[in-house]
Amino acid sequence: MRRIVVVGASAAGLAAAETLRREGYDGTLTLVGDEPLAPYDRPPLSKQLLSGEWRPEKLDLRTADDLAALDLDLRLGVAAIGLRLAERTVRLADGSTVPYDGLIIATGVRPRRLPSEGAHVLRTLDDALTLRDRLGPGRRLVIVGAGFLGAEAAAVGRQLGCEVTLLEPAPVPLAHAVGTDVGEMLTRAHLERGVNLRCGVTVAAVTEDGVRLADGELVEADEVLVAIGSMPNTEWLDGSGLSVGDGVVCDQYCEAARNVYAAGDVARWYNPLFGTSMRIEHRTNAAEQGMAAARNLLNSEARKPFSPVPYFWSDQYDMKIQAFGYLRGHDEVAVVEGDLAERRFVVAYRTGDRVSGALAVGMPPKAIRQWRQAIATGASWAEAVRPAVPAES
Amino acid sequence: MKVELEADKCVASGQCVLVAMDVFDQDDDGIAILLKQEIGDDLLDDVKEAVAVCPAAAIRLVEQ
Ligand SMILES: Cc1cc2nc3c(=O)[nH]c(=O)nc-3n(C[C@H](O)[C@H](O)[C@H](O)COP(=O)(O)OP(=O)(O)OC[C@H]3O[C@@H](n4cnc5c(N)ncnc54)[C@H](O)[C@@H]3O)c2cc1C
Ligand code: SF4
């Protein structure tokens, strides 16, 4: 293999590029990114960058020297607009065509939007800097969507002295993701800090003065942030013949077609550990999957299934939330250590008869590690959890 | 080689400990601690792996 192209110059793409070099690949390595910036990190965008605690440079994923050492054919500020599998070429927006022997797709996701003018979204450094400049004491910030992103922005908004309103269609924020009890516990933290939370409301549109609800009510705002989830960046693959359905569809090796791999937020792959296909929008997964895809591309004879325990963290006020595993569609949640009310606890998630996930707040690492281990080994609920909590009748 | 840790960036994920237990540990808040600052060839691959998986880009390897 002499020519490898990585499309998407962020966490997953960078991890793939670095891994290729670390594994001894010394051919041409093209890294394409539509943002004009060198790879930077996104999680701080809704945290330290939005709060003004960190300057943008702090988000750089690598120093200029580290990047130079990778000896990349770096194409920044130019989007990939087409893929021809048969010819093994990627077409770029600047009119050039890049041939490849191996391709790694890492184009991530972009925010879902509402019919609106002037509403903020929060995905890029630019988005975050624009929003940051508009926040301050007394400013009315309305956030549509109380998922992790919306909740983090709400926390920062309060910290900056904004009046914050969180609008959420579900009855309990995050209940579908983490369960009702944990959702309620997180909600209480926001209420205590003075966030105005309104659940069960549907937003029709964003207007000049704020947000128009489905029943006609206007919720006034100076700034509106829409945080209602995201969509995989796969349009450039239309007509390529790759299977695309809520992400680039891959097998357990992260392969989408011969010598074409996908990684990070854009990849939907089969995770053998959970026996299901999934697409994970977590920072650690972007790096791990970028590495796995690169290794499998280079070592086609000795490929390894990518079967990680997904990991996610979120910072809200003084809480650090850490979640392991695959919580979606769980059947049961049980407190296995600590106490929800004290905001020091581990809860475990059951899917079928297995421990499928765990979520911790305020616990030391050692307490958490054992649960990660239980998920990684596919421990049964009966063995791992029942001894810890009295059986319910 | 020397390992550098920017502790204020660390998000307490524990990924570094999973891949390089001889070099990293975590304090009670989960923030990474360096057990060794200078490492030999035997640990180099592990630390490179930790640099690669750290979700906060908080770890760096520098040549001395
Ligand atoms: C505000 C915010 C806070 C977050 N907080 C957390 C957190 O606390 N914990 C956590 O685990 N995760 C968090 N995440 C998620 C995490 O940042 C993502 O999972 C991670 O960035 C995914 O990396 P990626 O490389 O797969 O995709 P991305 O970071 O989306 O990168 C894809 C890149 O490809 C580019 N691209 C897209 N289309 C094209 C094209 N056609 N041609 C060329 N380039 C293209 C994009 O512009 C982008 O630069 C957060 C995300 C955001 C936005
Ligand atoms: S991997 Fe990085 S973020 Fe995670 S504990 Fe180690 S240094 Fe901190």
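The values are calculated or read from the model by the stated rules, or taken from the named source; none is laboratory data. Because the structure is predicted, anything quoted here is derived from the model rather than measured. Backbone-built Cβ (ideal geometry, glycine too); neighbour counts: all protein chains shown. SASA here: full protein model, heavy atoms, side chains in, ligands and nucleic acids out. Shrake-Rupley method; radii C 1.70, N 1.55, O 1.52, S 1.80 Å.
Here are a few things to note about the model shown:
- Residue match in the range A:25-41 (condition: surrounded by fewer than 16 Cβ atoms within 10 Å (Cβ to Cβ), in contact (Cβ under 8 Å) with a residue 12 or more places away in the chain and over 30 Å from B:CYS10 (Cβ atoms)): yes
- The number of residues in the range A:135-149 that are touching an Asp or Glu at 6+ places or on another chain (Cβ under 8 Å) and surrounded by 14 or more Cβ atoms within 10 Å (Cβ to Cβ) comes to 7.
- Subset of the range B:25-34 that is out of contact with any Gly (no Cβ under 7 Å at 6 or more places or on another chain), in a strand (DSSP E or B) and within 11 Å of chain A (Cβ to nearest Cβ) - its residue that is nearest to ligand 1 (Cβ to nearest atom): B:ALA32
- Strands (runs of 3 or more DSSP E) (entirely within the range A:287-363) containing at least 2 residues that are within 24 Å of the chain's Cα centre (by Cα) and among the polar types (S, T, N, Q): A:311-316
- Selection from the range B:2-17 of residues that are within 14 Å of chain A (Cβ to nearest Cβ) and touching a residue at least 12 places away in the same chain (Cβ under 8 Å): B:GLU4, B:GLU6, B:ALA7, B:LYS9, B:CYS10, B:VAL11, B:ALA12, B:SER13, B:GLY14, B:GLN15, B:CYS16, B:VAL17
- Qualifying residue in the range B:2-22 (condition: open to solvent by less than 10 Å² (accessible area, probe 1.4 Å), away from ligand 1 (no atom under 16 Å from the Cβ) and farther than 25 Å from A:LEU20 by Cβ): yes
- Among the residues of the range A:231-255, those identified as open to solvent by 30 Å² or more (accessible area, probe 1.4 Å) and either of a type in the set (Ser, Thr, Tyr) or outside any loop (DSSP other than H, G, I, E, B) (or both) are A:MET231, A:GLU235, A:SER243, A:VAL244, A:VAL249, A:TYR253, A:GLU255.
- Residue count for the range B:35-53, restricted to those that are open to solvent by less than 50 Å² (accessible area, probe 1.4 Å) and either touching a residue at least 60 places away in the same chain (Cβ under 8 Å) or within 8 Å of chain A (Cβ to nearest Cβ) (or both): 2
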